[in-house]
Every structure is written in structure tokens, then in C-alpha cells.
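Asks: Encoded as C-alpha cells, here's the structure I'll be asking about.
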Amino acid sequence: MGRAFVYVILGGGVAAGYAALEFARRGVSAGELCIISEESVAPYERPALSKGFLLPEAPARLPAFHTCVGSNEERLTPKWYTEQGIELVLGTRVKSADVKRKTLTTAAGETISYKILIIATGARALKLGEFGVRESDAENICYLRNFADATKLVSIIQTCNGGNAVVIGGGYIGMECAAALVTNRIKVTMVFPEAHCMARLFTPKIADFYETYYESKGVHFIKGTVLSSFENDSDGKVTEVVLRDGTRIPTNMVVVGIGIRPNTGLFEGQLAIEKGGIKVNGRMQTSNSSVFAVGDVASFPVKLFGSDIRRLEHVDSARKTASHAVSAIIAPETISDFDYLPFFYSRVFTLSWQFYGDSVGEVIHYGDFVAGRCGAYWIDKGRIVGAFLEGGDRDDYAAIAEAVKLKMVVKEKGEVEELGVEFASRAARHRESGAGLVLEKPLYAWHAVAGVAAALSVAGFAYWYGTRRRRW
């Protein structure tokens, strides 16, 4: 028993939805495209799970956040896929793949063949049991990676109003879930081994601003230590979190956000793997010409970093790599290699930040770290390679994005610190006036057009997303 398609997308997350939209725009015929997903719902905007789904008032619920509303495109409901003749195979696990024979085999034993495969398997949440933590399968221990996780988390939150929660991990999921829990009137303790939150991105100065704000909301931080074990009651629920230093924290629930691992298992030994993901070229094509990979699972060359191979765990990358891959499949003669500006953002409480580029080199902070309009530039070899801003507006974010894309030259560090966003805004003003970018003409002359378009597009989405967040 089996089925055959021209195109198969393996995975049903954000990337799958954006790939499907691009296929539809490029005229895919009914019956040619299939999406296989372990999840029971059609592709949706994953950021809504931590930014809107957990909120106590006007929470995000499907179908409101199906893809592709996150980029202000049409909402792809199950009905849309039917109308487009795109087959959704939901609640289905693929147990094996054979890229030479171009077949996938499901857990039920069905064989699905393809001419072109797009791997959009994303990543899975790392579990405590993988690190030897005892009693880590209690029913009030939660993760947040997919719709089922979020549904379980909401159910437990609703039983813990006024209670206590421990959040394990100080990264994206930890910070966003902690904010949601506090909004649900739950007292939160955050535990992580690093010296400060968001250690992969934030400098100590930036982290101090956010930790101070969180503390003003009642969040307690325990840094520099890790979870050792749990104490459970007779019903199997966690009642205490025990840390390595012996500290015991009473709790009603635990949320774990300790990272993710790309879902490459089906293709290891068949496709090239690099930086933990499936290696692709500038067209998202793997070492097998019939297979493409997108989103969290893909390691691709980033032109901005000298074509260094990167694997980027963020929704913006998932959306854009998916669309680019489909364009490269359908109309390869019209597509150049992917030119991506790495972009990350978050919204918690009334705060909102965006980051572009790479967090390497010397850091120059600027702005008011008390009032909450503050930021930083990362300078490497005299050029801006990364930029962060909290509390900006659409124009501000577009300006810092452009500064990174164009790798603006920094001659006087004191001037950068004093001017802050204004330093980046100069580039836009020079361009609009037709005067050229005088700070470093050789650099800007060849990169301006593409850089401006990409920066404005990314910043525009993030600004729009912020204004819609309460609806999600």
C-alpha cells in the first residue's frame, strides 16, 4: 500500500505552511503536494504558543494563528489546503526514509514516494531524562514545543492560580514562559546554570535590565546552579525541585526550557550533516539533489558571515528558507543563492526587543537602561556585525537592521555610544537624500539595494507582530 506525489514536505511546523503557500502561488497542481506531520493540526505560527496561547485574557486559539498570518499573509486553514488540492497527512509519524529510492515509510507501514522532498522536521525539546534527572516524567512537568505541549501547559496553569512554578532554563522559552506564568498570577522561580539570562545573546548589561524588570514582577532568579532531582507526592506530581547545591524549592508545576535538538535522525548516514543540522547550499538543496531542507533542521551558508554555515533556530529563518527552497525548486533559473539577515525578537510583558546579525566582537551599549529604551552594537574589525534594541519603533528597527546588513564602519566608538540608533539612521537618511553613504562608500555602493529591502521587510513584520500580539 502506498501513495506517490511530486512534492512531499516532511514536517508540519511553520516552515511547512510557508512552503505550501509558495507552492500554491507558483501554481502547484492539485494532488501534486503532500504534507506529512506528526501533529494533529495544520501548520501554525509556533511563536503564538509562548506569546499568546498561554495568556489568561483573550488567549490565542486556532484557527486564529494558522500560518501564514505571522507575515500578514492569508491564514491557511485546513479548508485552504483542501481547496488547493494539497493533501495533509496529519497525526502520522515517518519511521524511515530512503533518499536513494525516494520513499518514506510511516509507522503504520504505508510507503509514500516523491520526486522532490522538503525536510521541515524542525527540532524537538531536550528532556530532563536525557541528562539523568530522576522522576522527570511527572505529569506537572511541562515542555513547550508544539500545540499538544501548549494545551497541556494551559491546563496545568489553570489549576495553579496563586501557586508556585519553577522554570528550568534561562533562554527564550524560559523567559517567555516565566512572563506568561506571572501574568497568570503564578509565583515564578527561574533556575539556570549561566551567570545571567539569555546567555547566548545578551551581554551582562542587557541581561541585568531584563532580570531587574522580571524581579519587579515577582520573578526570583537562582543562577549558577542546576536541577538535581524532584520530590513527588503519592499522586506522582512534583512538589519540590531539588538543586545541585541542596536548595529545595516548593512548587506546583515545572516548566522546562533547556534547548532543542534538530530532528535529523531519519537522514543521518544519507545526507551531509553539519553544525548539528542537515547541510544545504544557497538554494536549500542537500547533498542529494532531490532533497531540500528548511527551518531549524537546516544548516545553510550565510553570506553576511562570509558564507559560514549556520543553523538558526528562529521562526523568521523557517519562513524565509521555506519560501526560498520552493522558489528554487519551481523556478531555479530566477533564483539566486539565499541572502539572509539573521533576525531574532521577543515580546514579554510590555517589553519588546529585536536583534540582527551576529553577537561577536566588541560590544558598545547605548541608551537608557533604566527607562527601557536601550541597545547595543557588536563591532568586529571596525564594522557593525550585530545590533540589539529594546523599545524601538518600526523605523528604529529598520535602521539597525540596515546598519548590520551594510556592515557600517565605526570610526569613533564614543560617537556610536552617544548617538545610539541615530548612528544607524544616518545610513537611511543619506540614501533617501541621494547623497550616498559617505561613511564608507566602497562598502555601501554594492550592497545597498538588497540590504534595504531585506531590512525593511524583516523589521516591518516584527513591528506588525507586536501590534497583533494580544489577538494571538
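Asks: Hey, among 206, 258, which residue is over 30 Å from residue 152 (Cα atoms), surrounded by 20 or more Cβ atoms within 10 Å (Cβ to Cβ), at pLDDT 95 or above and within 21 Å of the chain's Cα centre (by Cα)?
Replies: 206
Asks: Also: In the set 57, 22, 73, 83, which member is of a type in the set (D, E, K, R) and buried (at least 16 other Cβ atoms within 10 Å of the Cβ)?
Replies: Answer to the check: 22.
Asks: Something else about it: At negative phi and not in a loop (DSSP other than H, G, I, E, B): which single residue out of 333, 313 fits that description?
Replies: Going through 333, 313 in turn, just one is at negative phi and not in a loop (DSSP other than H, G, I, E, B): 333.
Asks: Restricting attention to the range 244-267, which residues are part of a loop (DSSP other than H, G, I, E, B) and within 22 Å of residue 201 (Cα to Cα)? Can you show your working first?
Replies: First pass over the range 244-267, keeping only residues part of a loop (DSSP other than H, G, I, E, B): 244-247, 251-252, 257-259, 263-264.
The answer is 257, 258, 259.
Asks: Check every one of the helices (runs of 4 or more DSSP H) wholly within the range 141-223 and list those with 1 or more residues that are small (Gly, Ala, Ser) and within 18 Å of residue 49 (Cα to Cα).
Replies: Ranges flagged: 147-157, 172-183.
Asks: Tell me, which residue of the range 108-128 that is in contact with a Ser or Thr (Cβ under 9 Å, 6 or more places away or on another chain) and among the basic types (Lys, Arg) is surrounded by the most Cβ atoms within 10 Å (Cβ to Cβ)?
Replies: Within the range 108-128, the match that is surrounded by the most Cβ atoms within 10 Å (Cβ to Cβ) is 127.
Asks: Within the range 234-243, can one find any residue that is part of a loop (DSSP other than H, G, I, E, B), touching a strand residue (DSSP E or B) at 6+ places or on another chain (Cβ under 7 Å) and within 30 Å of residue 350 (Cβ to Cβ)? Step through it out loud before you land on a result.
Replies: Restricting attention to the range 234-243, the residues satisfying the condition of being part of a loop (DSSP other than H, G, I, E, B) are 234-237.
Next cut, touching a strand residue (DSSP E or B) at 6+ places or on another chain (Cβ under 7 Å) only: none.
No, the range 234-243 contains no residue that is part of a loop (DSSP other than H, G, I, E, B), touching a strand residue (DSSP E or B) at 6+ places or on another chain (Cβ under 7 Å) and within 30 Å of residue 350 (Cβ to Cβ).
Asks: Go through the range 268-285 and count every residue that is of a type in the set (A, V, I, L, M) and either in a loop (DSSP other than H, G, I, E, B) or not assigned by TED's automatic domain parsing to the domain that holds residue 101 (or both).
Replies: 3
Asks: Moving on. Could you look through the range 285-337, keep only residues that are within 21 Å of residue 43 (Cα to Cα) and polar (S, T, N, Q), and pick out the one that is surrounded by the most Cβ atoms within 10 Å (Cβ to Cβ)?
Replies: Checking each candidate, the answer is 321.
Asks: For the range 121-166, what are the residues that are of a type in the set (Gly, Ala, Ser), at pLDDT below 95 and either under 13 Å from residue 256 (Cα atoms) or in the same structural domain as residue 265 (by TED's automatic domain parsing) (or both)?
Replies: If the condition is that a residue be of a type in the set (Gly, Ala, Ser), at pLDDT below 95 and either under 13 Å from residue 256 (Cα atoms) or in the same structural domain as residue 265 (by TED's automatic domain parsing) (or both), then 129, 136, 138 are the ones that fit.
Asks: Listed residues 402, 333; which is free of Cβ contacts under 8 Å to residues at least 60 places away in the same chain, of a type in the set (Asp, Glu) and under 30 Å from residue 116 (Cβ atoms)?
Replies: 333
Asks: Another one. Being surrounded by 16 or more Cβ atoms within 10 Å (Cβ to Cβ), in contact with a strand residue (DSSP E or B) (Cβ under 8 Å, 6 or more places away or on another chain) and either in a helix (DSSP H, G or I) or modelled with pLDDT under 95 (or both): is that true of residue 377 here?
Replies: no
The values are calculated or read from the model by the stated rules, or taken from the named source; none is laboratory data. Everything numeric here is computed off the predicted structure, so don't read it as measured data. A quick note on method: Cβ atoms are made from the backbone with ideal geometry, for glycine too, and the neighbour counts reach across all protein chains shown.
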